[in-house]
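The values are calculated or read from the model by the stated rules, or taken from the named source; none is laboratory data. Not measured: the values here are computed from a predicted model. A quick note on method: Cβ atoms are made from the backbone with ideal geometry, for glycine too, and the neighbour counts reach across all protein chains shown.
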Amino acid sequence: MSTVSFNSVRTVVVTGAGGLIGSYLVGSAFRWVAGWRVVGLTRHELDLTDRSAVEELWQRLKPEAIVHCAAISKAVACRDNPELARRVNVEVTGHLTDLASASGARLVFISTDHVFNGQQGAYTETDPASPLTVYGETKVAAERLVLAHERHLVLRTSLNAGLSPTGDRSFVEELILAWRARRPLTLFTDEYRCPIPAAVTARAIWELIRTAPSGLYHLAGQERLSRWDLGQLMASFYPELEPSLKPGTLRDYGGPARAPDLSLNCDKVRRHLSFQLPGFRGWLQRQRGIPVKDLWRPDNEAI
Ligand SMILES: NC(=O)c1ccc[n+]([C@@H]2O[C@H](COP(=O)([O-])OP(=O)(O)OC[C@H]3O[C@@H](n4cnc5c(N)ncnc54)[C@H](OP(=O)(O)O)[C@@H]3O)[C@@H](O)[C@H]2O)c1
């Protein structure tokens, strides 16, 4: 593992800028990396599977860093179209890694807790990957491509809370959409994650580009919460939607395999951050009193 100083970063490309985490990065850049040129790319602006268009843009922008958020990010979409999932999640990541490596730029790849099967929980970076899904498999394959080169970062995150430009990407939005449609929801009391506000993820990424030695890091909230806990917490912020929730258990679930405990140990990344990674419940409690419309702002003052 090598330590590289990236204090000279001036131009950063953010892929997946039309998605959840990418939009938070672009929306908070003025606050955390004022003075940098941050170029957010949506799929509409550049299809990353178009190799020659990507290379042409790279030559034009000559970025010092790239935060690669673009992905087929839903497990169901990956399962339904594994060929596309491999092309976007693995091949595109490999291509961007090669471009970054050849030009001395740093690549930050956003990966997932779904690289694990959830049988253990509190996973550290040294635990072996054990994905259950095509989504997880593609992320493991992409991580290997990135980590084969010096100077790059892989950040595995968990459920990110926030509002996306398309209104349908985060678990918060999934809940809101279900409640608006009066669709009853059953949430597992025995399936655990470490949720984190996307605005906090974005702040951390902006710091880690400069401060973190190359390698693999877990970046998630400091509290392990069940899906049921999460649903109840969110319901308390949206009473006007008359949220309807029922507790369920993985023991009664008959669908494709699910990972029961994907909680992440984030001790390693903490050493490179100037702020405490919050627990999700505590973070929400500190937001009480601010209008819900401001809760998920990328530049939320409380971050
Ligand atoms: N959000 C979470 O809770 C979470 C948790 C763990 C890990 N992650 C990882 O974090 C990263 C960002 O997640 P996210 O939630 O921000 O995902 P997202 O909202 O689905 O955004 C991903 C973006 O990538 C774009 N994209 C897909 N194929 C593309 C292509 N061929 N060329 C250019 N852009 C393309 C998508 O465009 P379209 O929408 O137009 O298809 C979308 O805007 C992903 O790698 C994801 O796996 C996210």
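Figures for the structure shown
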item: First in region 13-36 and within 17 Å of ILE303 (Cα to Cα) and away from the ligand (no atom under 12 Å from the Cβ), second anywhere and at pLDDT 95 or above and aromatic (Phe, Trp, Tyr), Cβ under 6 Å, 6 or more apart; result: TRP32/TRP206; VAL33/TRP206
item: Qualifying residue in region 154-177 (condition: part of a helix (DSSP H, G or I), away from the ligand (no atom under 15 Å from the Cβ) and crowded, with 20+ Cβ neighbours inside 10 Å); result: no
item: Some residue of region 187-198 being at negative phi, out of contact with any strand residue (DSSP E or B) (no Cβ under 8 Å at 6 or more places or on another chain) and surrounded by fewer than 21 Cβ atoms within 10 Å (Cβ to Cβ); result: no
item: Cross-chain or 6+ apart pairs with Cβ under 6 Å, region 216-245 first and farther than 12 Å from CYS194 by Cβ, then among the aromatic types (Phe, Trp, Tyr); result: ARG227/PHE188; LEU241/TRP179; PRO243/TRP179
item: Sole exception among (1) at pLDDT below 95; (2) loosely packed, with under 14 Cβ neighbours inside 10 Å; (3) not hydroxyl-bearing (Ser, Thr, Tyr) for ARG271, by number; result: (1)
item: Residue check for ARG169: under 29 Å from ASP299 (Cβ atoms), in contact (Cβ under 8 Å) with a residue 40 or more places away in the chain and in contact with a His (Cβ under 6 Å, 6 or more places away or on another chain); result: no
